[in-house]
Amino acid sequence: MPITLIKAILIMALGIIFFQDIKDRMVYWFLFPVVGLCVGILFFLKTLPELFYTSILINLVFVSILLGTVFLYTKFKLKKHFSNAIGIGDVLFLFALIFACESVSFIILLTSALIFSLVLHICLSKKNKSVTVPLAGYMSLFFGITYLGFWFGIIDSLYNV
């Protein structure tokens, strides 16, 4: 499968996630494995297999710790059910992203995507008083812009710091 086709599928999947999450707060579940597969193939082709597998493991541990922290915070501090704090689509999107890049870059990009999502939601929530945050949608917009920036040479490096 040509790289250009994988890139096109990735951008289309990220765009669909963005529009569905913004519009309906629900996303087709099969888009998350598509994103994971596409970013995984692109990362695998740019790195050594050992670094690829090690990065995935570290990224998985990081996302698991992040979600575990959210779980504990919602259970004990907010006294809510985990599903009331974060949507299943958001969780699936985070797990799809573990295949995206090496661990330091992943942590930087994930943190940047979360900050981008927060700022975007604050700016947009002044017009629309929504209670829920379309986190997967905002993050897919961020990653779509990031990948396009990398492919067009605006961003120097995506797969390592």
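Given the options V35, V61, name the one that is at pLDDT 95 or above, in a helix (DSSP H, G or I) and surrounded by 18 or more Cβ atoms within 10 Å (Cβ to Cβ).
Values: V61 fails: surrounded by 18 or more Cβ atoms within 10 Å (Cβ to Cβ).
Exactly one of V35, V61 is at pLDDT 95 or above, in a helix (DSSP H, G or I) and surrounded by 18 or more Cβ atoms within 10 Å (Cβ to Cβ), namely V35.
For the condition open to solvent by 80 Å² or more (accessible area, probe 1.4 Å) and either within 24 Å of V34 (Cα to Cα) or assigned to a helix (DSSP H, G or I) (or both), what is the one hit in I107, I155, I122, I56?
On the way: I107 fails: open to solvent by 80 Å² or more (accessible area, probe 1.4 Å); I155 fails: open to solvent by 80 Å² or more (accessible area, probe 1.4 Å); I56 fails: open to solvent by 80 Å² or more (accessible area, probe 1.4 Å).
Of the residues listed, the single one that is open to solvent by 80 Å² or more (accessible area, probe 1.4 Å) and either within 24 Å of V34 (Cα to Cα) or assigned to a helix (DSSP H, G or I) (or both) is I122.
Which number in (1) surrounded by fewer than 18 Cβ atoms within 10 Å (Cβ to Cβ); (2) touching a helix residue (DSSP H, G or I) at 6+ places or on another chain (Cβ under 9 Å); (3) assigned to a loop (DSSP other than H, G, I, E, B); (4) not small (G, A, S) marks the one condition that C101 misses?
Status for C101: all satisfied but (1).
Kindly establish whether I22 is within 23 Å of W151 (Cβ to Cβ), open to solvent by 20 Å² or more (accessible area, probe 1.4 Å) and among the aliphatic types (A, V, I, L, M). Working first, answer last.
Details: within 23 Å of W151 (Cβ to Cβ): no; open to solvent by 20 Å² or more (accessible area, probe 1.4 Å): yes; among the aliphatic types (A, V, I, L, M): yes.
Taking the combined requirement at face value, the residue does not satisfy it.
Looking at Y28, Y73, can you tell me which residue is more than 22 Å from Y159 (Cβ to Cβ), modelled with pLDDT under 95 and either open to solvent by less than 50 Å² (accessible area, probe 1.4 Å) or under 18 Å from the mean Cα position of the chain (by Cα) (or both)?
On the way: Y73 fails: either open to solvent by less than 50 Å² (accessible area, probe 1.4 Å) or under 18 Å from the mean Cα position of the chain (by Cα) (or both).
Criteria check complete, one pass: Y28.
Of all residues in segment 2-19, which are aromatic (F, W, Y) and either within 13 Å of the chain's Cα centre (by Cα) or crowded, with 16+ Cβ neighbours inside 10 Å (or both)? Explain how you work it out, then say what you get.
Step one: list which residues in segment 2-19 are aromatic (F, W, Y), which gives 18-19.
The answer is F18, and nothing else.
All but one of (1) open to solvent by less than 40 Å² (accessible area, probe 1.4 Å); (2) of a type outside the set (G, A, S); (3) part of a loop (DSSP other than H, G, I, E, B) hold for T132; state the number of the condition that does not hold.
So the condition that T132 fails would be (1).
How many residues does segment 14-47 hold that are in contact with a Ser or Thr (Cβ under 8 Å, 6 or more places away or on another chain) and polar (S, T, N, Q)?
Final tally of qualifying residues: 1.
Conditions (1) under 19 Å from V63 (Cβ atoms); (2) charged (D, E, K, R), marked per residue:
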residue	(1), (2)
L109	yes, no
L118	yes, no
K126	no, yes
Y138	yes, no
F143	yes, no
T146	yes, no
F150	no, no
G153	no, no
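The values are calculated or read from the model by the stated rules, or taken from the named source; none is laboratory data. Just so you know, these numbers come straight off a predicted model, no measurement behind them. Note: ideal-geometry Cβ built from the backbone for every residue, glycine included; neighbour counts use all protein chains shown. The area values use the complete protein model at the heavy-atom level, side chains included, leaving out ligands, DNA and RNA. Shrake-Rupley method; radii C 1.70, N 1.55, O 1.52, S 1.80 Å.
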